[in-house]
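To start, I am sharing the structure in question, which I have written as structure tokens.
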Amino acid sequence: MARWLPRSADLTRFCQKLNRVKTLEDDMMETSFNRCLSTIDLTLLGIGGMVGSGLYVLTGTVAKEIAGPAVIISFIIAGFASLLAALCYAEFGARVPKTGSAYMFTYVSVGEIWAFLIGWNVLLEYMIGGAAVARAWSGYLDSIFNHKIKNFTETHVGTWQLPFLARYPDFLAAAILLVATAFISFGAKVSSWLNHVFSAISMGVILFILIMGFVLAQPKNWSAQEGGFAPYGLSGIMAGTATCFYAFVGFDVIAASSEEARNPQRAVPRAIAFSLGLATGAYILVSVVLTLMVPWHTLDPDSALADAFYRRGYAWAGFLVAAGSICAMNTVLLSNLFSLPRIVYAMAEDGLFFQVFSRVHPRTQVPVVGIVVFGLLMALLALVFDLEALVQFLSIGTLLAYTFVAASIIVLRFQQQKVDVPAPAARGRPSPESHEGPSAGELKEYESFSDKLQLVDREKSKEHREPGQLKAAFEPYLEFLSDFYPGEVVTVAVVTLMVSAICLCSILVFGSTHLHLPTWSYSLLLVLFSLGFLLSLLLIWAHEQQHGTQTFQIPLVPLSPALSIILNIYLMLKLSYMTWLRFAIWLLLG
């Protein structure tokens, strides 16, 4: 029986395969896709991916059921956490202009198994995102016709009384996804043109909502008589923040589209910054308007903005908002269907998904098989599942992707840069220029004292330390770390940092409620895990990192990615246990 047990050498090779990283080709601009998207195209794609979902799906739901008018604070915190993650995506998108987004970023820096898990969760994220917005699109259109579509379906088709499933099959949501799938199949330029049209209408409607909403605002709706500004307290604000992350998925669309950008090194960081800034401002202002127009506890979660105008006696305004929101949600559907097949394509090309999805149509230059198959799967989800269950499921995949991308930034920044080594033949014989005079790396005959000083300076410059090596100032105190391979200590410190962050956030979230820890042990564990987190951060900072690259770099590394990691982990732990259970089942399927 022992012969059937795996040998240690086999297990070692297997573990090495799981943790191997992807090696990128020298010319990263070469692609089978069509590089046709400008900075404006990418910015509008990001705005379209964020604005529709955040304003027209989650604002009313979070305000009524989770945070009250303090949904404004939830959006501010979610926006800040997304900014930290967005900066990480911007650096990766500029340095690695390949499709695949968080999957690709994790593969080139952390390892294959982690990249697959992130890619598998990103697939779920986009499928659920598209299905959830399609159901919201259907609900808004139904509200325009006074819920006649819903009543007709329930009467002639029937209703379901099953957990996690919708009350009735939503044929309208499935149909719009199939139509959007057909348009996406025509190529990137057609998708971009459609997105421009719908985004322009959506931004016009948002401007109208803000102007009309502030005219109709009533400050008494935030008073204690209506429950106050934060009726659910700090816990409700943080729980609302975790759910509000769904609104900021849009900037991930930009990173996923970097292989079709004309100049990704400049376009991707700019597009992410512009789209996230505009979207965050819109979320905050619309949340203010919505909760001031009508009492938060009377909001209709399915169509909050349109219903608010209807109840204030402006039926025509409610109709206009509902029509505009449908256009906004069209852009979200387009961005989801645009990105998802490209991530599937990246995984299939690397051999981590079915090879059929790596085929690109020669004329339209898009992965048509992935577009059609996953468009049909989205339509099926929208047909039978409940919107609220889908949205809760979505946040955890987004937060996990943000966490791994932030960790990947630290690992990549402290790795040695790729150096082009000359061919052996070229090293073996002198170049023609070598007879004309001394080259930059050659020694010449020094005759003066000033020449000897220049030689000393040159020798000192050669002592420049590589990324991942211990800084010279810390060598006397941490000399035992000098023997490790450059970047090895940083990788271990990143793992320790993430473990410390998980433990610290677990104590903060569950320490006084589920674990019922006494005050002294609660405080002691907080101090211990905080020290572990800070010491890991200081150990990373004590090493040299890459500087002077031609592309965008996130400032304050490793502090900025570390803050993103701990905030994302905290928000993940605030999600319900059912969300974690569904997430675990999805991982097992993968």
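The values are calculated or read from the model by the stated rules, or taken from the named source; none is laboratory data. The structure presented is a predicted model; accordingly, all values stated were derived computationally and were not measured. Every residue, glycine among them, receives a Cβ derived from its backbone with ideal geometry; neighbour counts consider all protein chains shown. Protein only, heavy atoms only, side chains kept; ligands, DNA and RNA dropped before computing areas. Shrake-Rupley method; radii C 1.70, N 1.55, O 1.52, S 1.80 Å.
Criterion first (within 19 Å of L44 (Cβ to Cβ), at pLDDT 85 or above and touching a Phe, Trp or Tyr at 6+ places or on another chain (Cβ under 6 Å)) does A255 satisfy it? Reasoning before the result, please.
Numbers: within 19 Å of L44 (Cβ to Cβ): yes; at pLDDT 85 or above: yes; touching a Phe, Trp or Tyr at 6+ places or on another chain (Cβ under 6 Å): yes.
Here the answer is yes, as A255 does meet what is asked.
In addition: As an exercise: evaluate A67 against (1) open to solvent by 50 Å² or more (accessible area, probe 1.4 Å); (2) farther than 25 Å from D350 by Cα; (3) not polar (S, T, N, Q) and give the number of the one condition it does not meet.
All conditions pass for A67, except number (1).
Test of understanding: among S530, S523, S512, which residue is in contact with a helix residue (DSSP H, G or I) (Cβ under 8 Å, 6 or more places away or on another chain), among the polar types (S, T, N, Q) and assigned to a helix (DSSP H, G or I)? Write out each step before concluding.
Values: S523 fails: in contact with a helix residue (DSSP H, G or I) (Cβ under 8 Å, 6 or more places away or on another chain); S512 fails: assigned to a helix (DSSP H, G or I).
Going through S530, S523, S512 in turn, the sole match is S530.
Check whether at least one residue in the stretch 252-263 is in contact (Cβ under 8 Å) with a residue 40 or more places away in the chain, part of a loop (DSSP other than H, G, I, E, B), in contact with a strand residue (DSSP E or B) (Cβ under 9 Å, 6 or more places away or on another chain) and surrounded by fewer than 16 Cβ atoms within 10 Å (Cβ to Cβ), and report yes or no.
Scanning the stretch 252-263 turns up at least one residue that is in contact (Cβ under 8 Å) with a residue 40 or more places away in the chain, part of a loop (DSSP other than H, G, I, E, B), in contact with a strand residue (DSSP E or B) (Cβ under 9 Å, 6 or more places away or on another chain) and surrounded by fewer than 16 Cβ atoms within 10 Å (Cβ to Cβ).
Quick check on L443: is it at pLDDT below 85, open to solvent by less than 80 Å² (accessible area, probe 1.4 Å) and at negative phi? Outline the logic, then answer.
Details: at pLDDT below 85: yes; open to solvent by less than 80 Å² (accessible area, probe 1.4 Å): no; at negative phi: yes.
Against the criterion (at pLDDT below 85, open to solvent by less than 80 Å² (accessible area, probe 1.4 Å) and at negative phi), L443 does not qualify.
Only residues that are polar (S, T, N, Q) and open to solvent by less than 80 Å² (accessible area, probe 1.4 Å): list them for the stretch 513-532, please. Walk me through it before giving the result.
Our first condition is that a residue be polar (S, T, N, Q); within the stretch 513-532, this holds for 513, 519, 521, 523, 530.
Scanning the stretch 513-532 gives T513, S521, S523, S530.
Does L497 fit the bill of being under 21 Å from Q415 (Cβ atoms), surrounded by 13 or more Cβ atoms within 10 Å (Cβ to Cβ) and at pLDDT below 80? Full working, then the answer.
Numbers: under 21 Å from Q415 (Cβ atoms): yes; surrounded by 13 or more Cβ atoms within 10 Å (Cβ to Cβ): yes; at pLDDT below 80: no.
It is false that L497 is under 21 Å from Q415 (Cβ atoms), surrounded by 13 or more Cβ atoms within 10 Å (Cβ to Cβ) and at pLDDT below 80.
Right, something else. Look through S335, S358 and report the one residue that is closer than 30 Å to W120 by Cα and crowded, with 22+ Cβ neighbours inside 10 Å. Walk me through how you get there before you give the answer.
Working: S358 fails: crowded, with 22+ Cβ neighbours inside 10 Å.
After ruling out the rest, the residue left standing is S335.
Residue by residue through the stretch 236-251, note down the ones that are touching a Phe, Trp or Tyr at 6+ places or on another chain (Cβ under 9 Å), open to solvent by 10 Å² or more (accessible area, probe 1.4 Å) and modelled with pLDDT of 80 or more.
First pass over the stretch 236-251, keeping only residues touching a Phe, Trp or Tyr at 6+ places or on another chain (Cβ under 9 Å): 238-242, 244-245, 247-249, 251.
Imposing the further condition that a residue be open to solvent by 10 Å² or more (accessible area, probe 1.4 Å) reduces the set to 238-239, 249.
Residues satisfying the conditions are M238, A239.
Of everything in the stretch 105-159 that's farther than 30 Å from F404 by Cβ and of a type in the set (A, V, I, L, M, F, W, C), which residue is modelled with the lowest pLDDT? If you could, list the steps in order and put the result at the bottom.
Of the stretch 105-159, the ones farther than 30 Å from F404 by Cβ are 137-159.
From what's left, of a type in the set (A, V, I, L, M, F, W, C): 137, 141, 144-145, 149, 152, 157.
On the way: W137: 81, L141: 79, I144: 71, F145: 77, I149: 82, F152: 83, V157: 77.
Ranking the candidates gives I144 first.
Further question on the same structure: Have a look at G129, G93, G139 and point out the one that is open to solvent by 10 Å² or more (accessible area, probe 1.4 Å) and among the small types (G, A, S). Steps first, please.
Numbers: G129 fails: open to solvent by 10 Å² or more (accessible area, probe 1.4 Å); G93 fails: open to solvent by 10 Å² or more (accessible area, probe 1.4 Å).
Every option except G139 fails the conditions.
Answer with yes or no whether I77 is within 21 Å of Y570 (Cα to Cα), open to solvent by 10 Å² or more (accessible area, probe 1.4 Å) and under 17 Å from the mean Cα position of the chain (by Cα). Walk me through how you get there before you give the answer.
Working: within 21 Å of Y570 (Cα to Cα): yes; open to solvent by 10 Å² or more (accessible area, probe 1.4 Å): yes; under 17 Å from the mean Cα position of the chain (by Cα): yes.
Spelling it out, I77 is indeed within 21 Å of Y570 (Cα to Cα), open to solvent by 10 Å² or more (accessible area, probe 1.4 Å) and under 17 Å from the mean Cα position of the chain (by Cα).
So which residues in the stretch 533-558 are open to solvent by 40 Å² or more (accessible area, probe 1.4 Å) and farther than 16 Å from A406 by Cα? Lay out the reasoning, then the answer.
First pass over the stretch 533-558, keeping only residues open to solvent by 40 Å² or more (accessible area, probe 1.4 Å): 534-535, 538-539, 541, 544, 547-548, 550, 552-553, 555-556.
L534, L535, L538, L539, E544, H547, G548, Q550 - these are the residues of the stretch 533-558 that are open to solvent by 40 Å² or more (accessible area, probe 1.4 Å) and farther than 16 Å from A406 by Cα.
Hand me the list of helices (runs of 4 or more DSSP H) wholly inside the stretch 24-96 holding 3 or more residues that are on the phi < 0 side of the Ramachandran plot and aromatic (F, W, Y). Steps first, answer last, please.
Details: elements: 39-53, 59-62, 71-95.
Answer list for the stretch 24-96: 71-95.
When you go through I396, I371 one by one, which is the residue that is under 24 Å from I77 (Cα atoms), outside the structural domain of Q546 (by the TED database) and either touching a residue at least 12 places away in the same chain (Cβ under 8 Å) or not aliphatic (A, V, I, L, M) (or both)? Full working, then the answer.
Details: I371 fails: under 24 Å from I77 (Cα atoms).
From the options I396, I371, the qualifying one is I396.
Given the criteria at pLDDT 90 or above, farther than 19 Å from F33 by Cβ, assigned by the TED database to the domain that holds A132 and more than 16 Å from the chain's Cα centre (by Cα), does L383 qualify? First the steps, then the outcome.
Numbers: at pLDDT 90 or above: no; farther than 19 Å from F33 by Cβ: yes; assigned by the TED database to the domain that holds A132: yes; more than 16 Å from the chain's Cα centre (by Cα): yes.
The answer is no for L383.
Related question: Do the conditions hold for A271, that is, is it over 23 Å from R311 (Cβ atoms) and either part of a helix (DSSP H, G or I) or open to solvent by less than 30 Å² (accessible area, probe 1.4 Å) (or both)?
Values: over 23 Å from R311 (Cβ atoms): yes; either part of a helix (DSSP H, G or I) or open to solvent by less than 30 Å² (accessible area, probe 1.4 Å) (or both): yes.
Taking the combined requirement at face value, the residue satisfies it.
With (1) modelled with pLDDT of 90 or more; (2) surrounded by fewer than 20 Cβ atoms within 10 Å (Cβ to Cβ); (3) hydrophobic (A, V, I, L, M, F, W, C) as the list, and A200 as the residue in question, which single condition is left unmet?
It is condition (1) that A200 fails.
Report yes if A173 is modelled with pLDDT of 85 or more and either acidic (D, E) or open to solvent by 10 Å² or more (accessible area, probe 1.4 Å) (or both), otherwise no. Full working, then the answer.
Values: modelled with pLDDT of 85 or more: yes; either acidic (D, E) or open to solvent by 10 Å² or more (accessible area, probe 1.4 Å) (or both): no.
The answer is no for A173.
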